[in-house]
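K.L.:
Handing you this structure, nothing more for now.
The values are calculated or read from the model by the stated rules, or taken from the named source; none is laboratory data. All values reported here derive from a predicted model rather than from experimental measurement. Note that each Cβ is placed from the backbone with ideal geometry, even for glycine, and that neighbours are counted across all protein chains shown.
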Amino acid sequence: MSYALAHALIAIGVLIAILSVAAGLIWVERRVLALYQDRLGPNRVGPFGLLQVLADVVKIMTKEDWIPPFADRTVFVVAPAIVMVTTLLAFAVVPFAPGLEVVRLDVGLLFFLATSSLGVYSVVLAGWSSDSKYSLLGGLRASAQMLSYEVFMGLSLMGVVMQAGSFDLVEIVEAQRRLWFCVPQFLGLVVFLIAGIAETRRLPFDLPEADSELIAGYHSEYSGMKFGMFFVGEYVGITLISAMLVTLFFGGWLGPLLPGVAWFAIKVLAFVGVFILLRAALPRPRYDQLMSFGWKVMLPLALANLVATAAVVLWIRG
């Protein structure tokens, strides 16, 4: 089998797996939230409500594909696709096991940061093109929130890069054979996790789509498959941030007895569970509190972690 064909098959397999996981997470989140909130959750369609996701897909696909009369039609249609394309593209550099990645880049970490940051265009353009004040406010909130927390996300990873000595995600995983970076880089882990929650616009940081103030924020005017792309894109984003947490701080595929892919999947699903439980446990802050927390708390912590790691690395190597 040729190199190109092998990587094409890996890419197709990764795409199918990620979309399947995202669809499954919709059901899992509903069931877990129902358990925590003392209600039943989906339980009518299929055993344990498993076919509820399929029913939702049918409902979305058969809804009227409506575009507001005063919207910018081209931008309105393109905006939902951007979040799906950029998030799925970032998975190209994620190493699921030794030799099991779509493409290996020397600057894989920079590629992840670049592609994930492009997702802000999706919500900004969606909010602007809808010609709705609620959507526009949601888009403005999203742009400020995502751009701000991207700064902290990048700074939180510099300690990992200094310890591993590389931007290559495979080499970062291999550098954790003796000790996972979640121990020496615990502060960076906390900052990256919080920034990841803000990047994916999940509770408690779902201010861009706060229903109590903005109806549904940037996607208020969307329906049908366009809304479905925003909806699924959120779960793909959760899976991406969980995969990067595992790769950068928890040894990636490393683990005893089980195959590397199995360890990677177990760790990723554990972090996806954290995202779901945070939604069940934490209230939504005010928007000014969110931004103040970012610049007054997250930035100093990220810089302190960067300076401390640099000092330790220089001391060890000197």
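K.L.:
Evaluate the following for R141: is it farther than 19 Å from A216 by Cα, in contact (Cβ under 8 Å) with a residue 40 or more places away in the chain and basic (K, R)?
P.N.:
Spelling it out, it is not the case that R141 is farther than 19 Å from A216 by Cα, in contact (Cβ under 8 Å) with a residue 40 or more places away in the chain and basic (K, R).
K.L.:
Still on this structure: Quick check: is even one residue across segment 288-302 within 22 Å of S166 (Cβ to Cβ) and surrounded by 15 or more Cβ atoms within 10 Å (Cβ to Cβ)?
P.N.:
Yes; the residues of segment 288-302 include at least one that is within 22 Å of S166 (Cβ to Cβ) and surrounded by 15 or more Cβ atoms within 10 Å (Cβ to Cβ).
K.L.:
Among the residues of segment 229-243, is any over 13 Å from the mean Cα position of the chain (by Cα) and within 21 Å of W66 (Cα to Cα)?
P.N.:
yes
K.L.:
Return the only residue of W295, W315, W263, W253 being in contact with a strand residue (DSSP E or B) (Cβ under 9 Å, 6 or more places away or on another chain) and part of a helix (DSSP H, G or I).
P.N.:
So the residue among W295, W315, W263, W253 that is in contact with a strand residue (DSSP E or B) (Cβ under 9 Å, 6 or more places away or on another chain) and part of a helix (DSSP H, G or I) is W263.
K.L.:
Does S156 satisfy the condition of being crowded, with 24+ Cβ neighbours inside 10 Å, in contact with a Gly (Cβ under 8 Å, 6 or more places away or on another chain) and over 18 Å from L245 (Cβ atoms)?
P.N.:
Spelling it out, it is not the case that S156 is crowded, with 24+ Cβ neighbours inside 10 Å, in contact with a Gly (Cβ under 8 Å, 6 or more places away or on another chain) and over 18 Å from L245 (Cβ atoms).
K.L.:
May I ask you to say which residue of I266, I241 is modelled with pLDDT of 90 or more, surrounded by fewer than 15 Cβ atoms within 10 Å (Cβ to Cβ) and closer than 29 Å to F167 by Cβ?
P.N.:
Just one listed residue meets the conditions, I266.
K.L.:
Shifting gears a bit: For L179, all conditions in the list (1) surrounded by fewer than 19 Cβ atoms within 10 Å (Cβ to Cβ); (2) among the hydrophobic types (A, V, I, L, M, F, W, C); (3) assigned to a helix (DSSP H, G or I) hold save one; what is the number of the exception?
P.N.:
(3)
K.L.:
Can you tell me which of V32, V45, V28, V58 is modelled with pLDDT of 80 or more and under 30 Å from L136 (Cα atoms)?
P.N.:
Going through V32, V45, V28, V58 in turn, just one is modelled with pLDDT of 80 or more and under 30 Å from L136 (Cα atoms): V58.
K.L.:
Further question: Identify all residues within segment 275-287 that are surrounded by 15 or more Cβ atoms within 10 Å (Cβ to Cβ) and in a helix (DSSP H, G or I); write none if there are none.
P.N.:
Result: F275, I276, L278, R279, Y287.
K.L.:
Go through segment 114-131 and count every residue that is surrounded by 24 or more Cβ atoms within 10 Å (Cβ to Cβ) and closer than 16 Å to R73 by Cβ.
P.N.:
Matching residues across segment 114-131 total 4.
K.L.:
Let me ask another. Anything in segment 4-18 that is of a type in the set (G, A, S) and farther than 19 Å from V85 by Cβ? List them, or say none.
P.N.:
A4, A6
K.L.:
Take G233 and tell me if it is under 18 Å from M146 (Cα atoms), part of a helix (DSSP H, G or I) and modelled with pLDDT under 85.
P.N.:
yes
K.L.:
Filter segment 35-87 for residues that are among the small types (G, A, S) and within 23 Å of the chain's Cα centre (by Cα); which is surrounded by the most Cβ atoms within 10 Å (Cβ to Cβ)?
P.N.:
Out of the qualifying residues, it is A79.
K.L.:
Now a separate question. Can you work out which of the residues in segment 144-181 that are polar (S, T, N, Q) and either within 14 Å of the chain's Cα centre (by Cα) or within 30 Å of V124 (Cβ to Cβ) (or both) is modelled with the highest pLDDT?
P.N.:
S156
Each row is one residue, and each column tells you yes or no for (1) charged (D, E, K, R); (2) assigned to a helix (DSSP H, G or I); (3) touching a Phe, Trp or Tyr at 6+ places or on another chain (Cβ under 6 Å).
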{"site": "A6", "(1), (2), (3)": "no, yes, no"}
{"site": "A11", "(1), (2), (3)": "no, yes, no"}
{"site": "L19", "(1), (2), (3)": "no, yes, no"}
{"site": "L25", "(1), (2), (3)": "no, yes, yes"}
{"site": "V28", "(1), (2), (3)": "no, yes, no"}
{"site": "V32", "(1), (2), (3)": "no, yes, no"}
{"site": "L40", "(1), (2), (3)": "no, no, no"}
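K.L.:
When only residues in segment 182-194 that are surrounded by fewer than 19 Cβ atoms within 10 Å (Cβ to Cβ) and closer than 16 Å to S242 by Cβ count, which is modelled with the lowest pLDDT?
P.N.:
Once the filter is applied, the top-ranked residue is C182.
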